[in-house]
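Okay, structure first, notes after.
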Amino acid sequence: MPFSPVHLAELNLLLQFPSTSTQEGIKVHAHTAAAETVAAAESLFAKGLISRNDGGYLTPMGCEAVELTQKLQSMLAGD
């Protein structure tokens with residue numbers, strides 16, 4: 001099954017979270033962010049990966065998802 005545009009938006013949003021600290025988060029501004037980014041934040045929140053529907057902090061499961069996403073990105077980039 002290929003990644004859908006929704007999944008790609010979620011993966012791209014996960015890559016924006018700082019991976020070195022659980023005390024740093026992001027904020028997705030609904031009035032300036034792309035619609036797919038806003039939807040990705042809401043979806044990640046519903047899945048329990050982030051603490052708020054507009055970003056916030058990574059949950060423990062979100063931290064794992066970011067780590068795996070970064071590994072996949074690195075493998076695909078050939079780094």
Within the chain, considering only helices (runs of 4 or more DSSP H) that don't extend past its boundaries, which have at least 1 residues that are of a type outside the set (D, E, K, R) and in contact (Cβ under 8 Å) with a residue 40 or more places away in the chain? 5-14, 60-77
Looking at segment 1-34, which of the residues that are hydroxyl-bearing (Ser, Thr, Tyr) and within 20 Å of Ser51 (Cα to Cα) is surrounded by the fewest Cβ atoms within 10 Å (Cβ to Cβ)? Thr20
Taking segment 43-53 and keeping only residues that are under 21 Å from Pro5 (Cα atoms) and either out of contact with any Asp or Glu (no Cβ under 9 Å at 6 or more places or on another chain) or surrounded by fewer than 16 Cβ atoms within 10 Å (Cβ to Cβ) (or both), one is left with Ala46, Lys47, Gly48, Ile50, Asn53
Sort out which residues of segment 1-41 are β-branched (Val, Ile, Thr), within 15 Å of Thr69 (Cβ to Cβ) and under 10 Å from the mean Cα position of the chain (by Cα), and write them in order of number. Ile26
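No value in this document is a laboratory result; all are computed from the given coordinates. Here the structure is a predicted model, which means the values were calculated and not measured. Note that we place each Cβ from the backbone using ideal geometry, even for glycine, and neighbour counts take in every protein chain shown.
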